[in-house]
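To keep things clear, I will list the structure first and then write my remarks on it.
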Amino acid sequence: MTEPIHDMLAPNEEDGSPYNYDFDTIDGNNRNPLYSLANNDREERRNRVLGNVALDYKVMPWLTLNGSYSYDYENNTFENYIPKGFLSDNPDGQAKDIGFIQRSNFNGRAQNIRFNALFSETFGVDDAFNFNFRLSYLNERYKSAFNNAEGYNLAVGGIRSLDNIKDRPALASESQTIISDSYFAIADFDYKGKYIFSGVVRREGSSLFGPDTRWANYFRASLAYRLTEDLEIPGVQELKLRASYGTAGIRPSYEMRFETFTLRNGAATKSTIGNNELKPAKTGELELGLNIDFLDRFSFEFNYVKAVTDDQILRVPLSAATGFGAQWRNAGEIEGTTLEASLNYDIIKNENFSWNMGIVWDKSEQKITRLDVPSYLTGPGTQNTTFFRVEEGQNFGIMYGSDFIRSLSDLPSGLDPNNYLVNGEGYVVDAATGSTPVARVDDEGNAFFVIGDITPDFRAAINTTLKYKNFSFYTLFDWKQGGDIYNRTNQWLYRDTRHAVSANSQVPASFYAGLYNTGNPSSGFVEDGSFVKLRELSLYYTLDGENMGNIGNFIESMRIGFIGRNLITWSDYTGFDPEITNQAEASRSDLTSRDTNGLGNDVNTPGGDPNVFKVDNFPYPTTKSYSFSVQLNF
């Protein structure tokens, strides 16, 4: 937010070094990012080794034994160095003039061992019955260690050593060891391929569970009936009905079952009390569905899913008499309903030309049906974004804040409508100055209301593939309808009247400062997140080896292609991109999902996963990419 009248490349008056750090003569708080970029060195190195080995032994025609071992090792090192004599107070005011150095190291090792015994048999007249049975054992071991040292006031310039720290360095370390054992029994059975049954029983024990609840049991059972194997339905090639019910667990994180303390300068402060009865959250899921292929061109699938996740793991505040601030407990339930449908259509299909189109659609809703702790606010962890309310009976993902009214009929009681009007932006303001937007207040004096909901009305994807001889053309469109986004980027711009709307509007500039609401959540910045995006477009050409001359003696085929991703977005959203992050959304069935040592990792606001509670707070837009591909088959 710097005026474009300053020379960011000018040297510093203090020592002649490049990029004048306090270049902004109008706003003395602004600092030159080029100076920090040139002088603050941050380096991260990552190394990773993965490997696996598997053995199979067929004891008898109906019995196979196998085993596998996998290994995953990673080492990450990080260094942050601010030299002695650093002029700026950005990014760290404490390091100004005296310097700073930080070094950290992380090592993690995961090992999995699995053994399987597979039984397979067919029997009955014409081998009508098929039976497969598997016994399995899985051992998971994970061990990690993290060490960090940092300090200010470097003795000598240019020396990147922890021994160069004159003051007492700050030290931190962390280690984890997690062991889990799982036993499985899996059975698949069918009669003539038309009556199909599958069942799983799993018993899991983990060091993450409380000592008194060390083991958990899960199961799944599914049935399917291929109706068209018994009945002939004109125009229908396949009709299958399906039903299943199963359970699965969500493990606690490492520290939740332990008694924990906060250490500062060698002094311990009580944090959370341990819980020997802490269990994994358990999800029970019912799924009903059907598959139908008809008219030799269409394939349709529909699913209804009802999921209930009980024993949510939440941080429960404790009385001060205990000496601890809180305890992690199984204390909540969330219920979700999902509808899914897909349709695939072979529009044209012949030897030289084919055209296929597919549509996928889904709609989900989630509600918090039980919460054994007081309602609380959470968010992604960045400044002033803790406004997502977790409350029993409410949808998961609602936003709470000040609701600025747009109709005179919504004026709080006691206000004279003759003293107010609706301005050019559609908000009720005071008639005298037009500068003060009016927020909703109910008869009980409550000034905070639901101002948005992240849940979309539905999502859909449309893909099409055209093939002509050796050419193949593919497109994929993603469509999200509904689902609110909080545009905090706009809110910041309104504060300083830097937004284009406020700069070009006939409405007084002070109105936008009022809508800014001193940075607190405001309905003025909740926007519809609907969009349609050209997610992918590709064009491929396949060249057969027989058409490649002598090279064809070594190459069976060569496929050359061009791929573009995230090419065009159609949306009324006023921010850069209605997709706030391109990371996969975390499971919303887990109210306490948080990034380790990341945004939202605030123990006082559990659930602050930035991939769930999406706030537009100066993010990078989704990357548009173009790539060229060559695939060789030998």
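The values are calculated or read from the model by the stated rules, or taken from the named source; none is laboratory data. Source: prediction; values computed, not measured. Because the Cβ atoms are built from the backbone with ideal geometry, glycine has one as well, and the counts that use them run over all protein chains shown. Heavy atoms of the whole protein, side chains included, go into the accessibility calculation; ligands, DNA and RNA do not. Shrake-Rupley method; radii C 1.70, N 1.55, O 1.52, S 1.80 Å.
Could you let me know the centre-to-centre spacing of region 382-433 and region 80-132, using Cα atoms, in angstrom? A separation of 44 Å, based on Cα centres.
Considering only alpha-carbon pairs that sit under 8 angstrom and 6 or more positions apart, the relative contact order computed for region 340-425 is 17 percent.
Calculated [222 nm] ellipticity per residue, helices only, for the chain: -1000 deg cm²/dmol; basis is -39500 (n - 2.57) per DSSP H run with n ≥ 4, divided by all residues, nearest 500. Looking at region 477-571, the trypsin sites (Lys or Arg not before Pro) that sit in a DSSP loop and have at most 14 other Cβ atoms within 10 Å of their own Cβ are Arg498.
Diagonalising the gyration tensor over the Cα atoms of region 296-452 and scaling each eigenvalue by 5 before taking the square root yields semi-axes of 44, 32, 13 Å, largest first. Region 520-569 and region 187-250 have Cα centres spaced 35 Å apart. Here's the picture: charge each Lys and Arg Cβ at +1 and each Asp and Glu Cβ at -1 in region 176-220, and of Ser206, Ile196, Thr177 the one pushed furthest to the positive end of that dipole is Ile196. Listed by chain and number, the aspartates and glutamates whose C-alpha is less than 14 Å from the C-alpha of Lys282, apart from same-chain residues fewer than 8 away, are Glu204, Asp310, Asp311, Glu333, Glu335, Asp590.
All other residues whose Cβ lies under 15 angstrom from that of Asn275 are scored, Lys and Arg at +1 and Asp and Glu at -1, for a net of +1. For region 1-69, the spread of Cα positions along the three principal axes, ordered from largest to smallest, is 84, 25, 16 Å. Evaluated with a Cβ-only charge set (Lys, Arg +1; Asp, Glu -1), region 367-411 carries a dipole of roughly 100 debye about its Cα centre, given to the nearest 20. Got a number for carbon plus sulfur as a percent of region 298-424's accessible area, 1.4 Å probe? It is 50 percent, rounded to a whole number. Here the 3J(HN,Hα) profile of region 214-226, calculated from phi with Karplus coefficients 6.51, -1.76 and 1.60 at θ = phi - 60°, is 5, 10, 9, 10, 9, 7, 8, 9, 9, 10, 9, 9, 8 Hz, Gly and Pro shown as x.
Here the average projected area of the convex hull drawn through the C-alpha atoms of region 390-509 stands at 12.8 nm². Cross-link partners for Lys614 among the lysines, with Cα-Cα distance under 22 Å and sequence neighbours closer than 8 places in the same chain left out: Lys363, Lys367, Lys480, Lys533, Lys624.
So, for region 73-163, what is the accessible surface per residue at a probe of 1.4 Å, expressed in square angstrom?
Values: 4730 Å² over 91 residues.
On a per-residue basis, 52 Å².
Rg over Rh for region 233-371 works out to 1.29, both radii taken from alpha-carbon positions and Rh defined as the Kirkwood radius. Along the positive direction of the dipole of the chain (beta-carbon charges: Lys, Arg +1; Asp, Glu -1; about the Cα centre), which of Tyr512, Phe628, Ile165 reaches farthest? It is Ile165. Remark: relative contact order (region 107-211) = 27 percent; criterion is Cα-Cα distance under 8 angstrom and separation of 6 or more residues.
The phi torsions of region 69-76, fed into the Karplus equation with coefficients 6.51, -1.76 and 1.60 and a -60° offset, translate into couplings of 9, 10, 9, 9, 10, 9, 9, 10 Hz, rounded to whole numbers, with Gly and Pro shown as x.
Of the residues Pro11, Ile405, Ala326, the one whose Cα sits farthest towards the positive end of the charge dipole of the chain is Ala326 (charges of +1 on Lys and Arg Cβ, -1 on Asp and Glu Cβ, taken about the Cα centre). Taking amide H positions as modeled 1.01 Å from N, with prolines and chain starts lacking one, no residue 5 or more places away or on another chain lies under 5 Å from Phe324. Among residues other than Phe197 with Cβ under 10 Å from its Cβ, the summed charge is -2 (Lys and Arg +1, Asp and Glu -1).
A simple charge model with +1 on the Cβ of Lys and Arg, -1 on the Cβ of Asp and Glu and nothing else charged puts the dipole of the chain at about 1660 debye relative to its Cα centre. The distance from the alpha carbon centre of region 470-507 to that of region 296-367 is 26 Å, rounded to a whole number.
Quick check: at a probe of 1.4 Å, how many percent of the accessible area of region 1-131 sits on carbon and sulfur atoms?
Roughly 53 percent, rounded to a whole number.
Expressed as a rounded percentage, what relative contact order does region 441-585 have, with Cα pairs under 8 Å and six or more residues apart? Answer for region 441-585 is 23 percent. Straight Cα distances below 22 angstrom link Lys143 to the lysines Lys279, with same-chain residues fewer than 8 positions distant left out. Around the amide H of Leu208, modelled in the peptide plane, lie the amide H atoms of Ile179, all under 5 Å away and 5 or more residues distant in sequence or on another chain.
Solvent exposure of region 334-415, expressed per residue, is 49 Å² of accessible area, with all protein chains present and a 1.4 angstrom probe. The mean of 1/r over all pairs of different alpha-carbon atoms in the chain, once inverted, gives a Kirkwood hydrodynamic radius of 30.4 Å.
Each principal axis of region 109-203 carries a Cα extent, and these read 88, 22, 17 Å when sorted largest first.
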